[in-house]
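**Student:** After the structure tokens below, expect a handful of questions from me.
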Amino acid sequence: MNRTEKKDAISGLNQTFQNNDLVIIAHNNGLNAAQTDDLRRVTRAAGITTKVAKNRLVQLAIKGTSFEAASDLLKGPTVLLFGTDLISGTKAAADFAKANPAFVIVGGAHGTKVMDVAEVNLLASLPSMDQLRGKLVGILQAPAAQLARLAQAYADKPQ
């Protein structure tokens, strides 16, 4: 990679850092091509962008962004997962890590907050917005449904 290609890569990564709210950093020791394609497919479906770059280029690109504190996590062969939705991003990464032991989550960052593995897994265990909306609708419909059953039981009661 020549100097201009490195500068382009750094500026592209810097733009990616600035355009996203979440970054998850993971090690990819031993992932084969099929597993890497599967990772990209799974994360793309969750709205996550997957990037692989040299750690030194990433450390240069991360300077001046809100994720700068996460540069300490960049050791070894890393994969960067970028996204805007905190829950779906962590869920996709954690699910892929469970299915593939060669993919190990190191940590992540959301804004200026650096997260360790436990925090990433905790966020992955939270319900998604769709699940929360479904529960809320169920809670709101329960009293009306009970009232309707009560009225029907009174109507069915023999006189």
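The values are calculated or read from the model by the stated rules, or taken from the named source; none is laboratory data. Every value quoted in this text rests on a predicted model; they were computed, and no experiment measured them. FYI the Cβ positions are ideal-geometry reconstructions off the backbone, even for glycines, and counts take in every protein chain you see.
**Student:** May I ask you to verify whether Gly76 is free of Cβ contacts under 8 Å to residues at least 60 places away in the same chain and touching a strand residue (DSSP E or B) at 6+ places or on another chain (Cβ under 7 Å)?
**Tutor:** yes
**Student:** Further question: On the given criteria, is Lys91 part of a helix (DSSP H, G or I), within 16 Å of the chain's Cα centre (by Cα) and among the charged types (D, E, K, R)?
**Tutor:** On the way: part of a helix (DSSP H, G or I): yes; within 16 Å of the chain's Cα centre (by Cα): yes; among the charged types (D, E, K, R): yes.
So Lys91 fits the description; yes.
**Student:** Pairs only if they're at least six apart or on different chains, beta carbon under 6 angstrom, first in region 126-147 and closer than 19 Å to Thr90 by Cα and at pLDDT 85 or above, second among the aliphatic types (A, V, I, L, M) and loosely packed, with under 10 Cβ neighbours inside 10 Å; list them, first residue then second.
**Tutor:** none
**Student:** Please determine, by comparing only the residues of region 32-62 that are assigned to a loop (DSSP other than H, G, I, E, B) and in contact (Cβ under 8 Å) with a residue 40 or more places away in the chain, which one is surrounded by the fewest Cβ atoms within 10 Å (Cβ to Cβ). Break it down into steps so the answer makes sense when it comes.
**Tutor:** Filtering region 32-62 for residues assigned to a loop (DSSP other than H, G, I, E, B) gives 32, 46-48, 52-54.
Subsequent filtering for residues that are in contact (Cβ under 8 Å) with a residue 40 or more places away in the chain retains 46-48, 53.
Numbers: Ala46: 19, Gly47: 13, Ile48: 26, Ala53: 18.
Restricting to residues being assigned to a loop (DSSP other than H, G, I, E, B) and in contact (Cβ under 8 Å) with a residue 40 or more places away in the chain, the top hit is Gly47.
**Student:** Here's another thing I want to ask about it. Within region 1-30, restricting attention to residues that are over 19 Å from the mean Cα position of the chain (by Cα) and part of a loop (DSSP other than H, G, I, E, B), which residue is farthest from Ala94 (Cα to Cα)?
**Tutor:** Asn2
**Student:** Quick check on region 103-118. Is at least one of its residues more than 13 Å from the chain's Cα centre (by Cα) and acidic (Asp, Glu)?
**Tutor:** yes
**Student:** Being of a type outside the set (A, V, I, L, M) and surrounded by 13 or more Cβ atoms within 10 Å (Cβ to Cβ) is the filter; apply it to region 101-115 and report the residue that is farthest from Leu22 (Cα to Cα).
**Tutor:** Phe103
**Student:** Could you grab me the full set of residues in region 99-141 that are among the polar types (S, T, N, Q), out of contact with any Lys or Arg (no Cβ under 9 Å at 6 or more places or on another chain) and not in a helix (DSSP H, G or I)?
**Tutor:** Those that are among the polar types (S, T, N, Q), out of contact with any Lys or Arg (no Cβ under 9 Å at 6 or more places or on another chain) and not in a helix (DSSP H, G or I): Asn100, Thr112.
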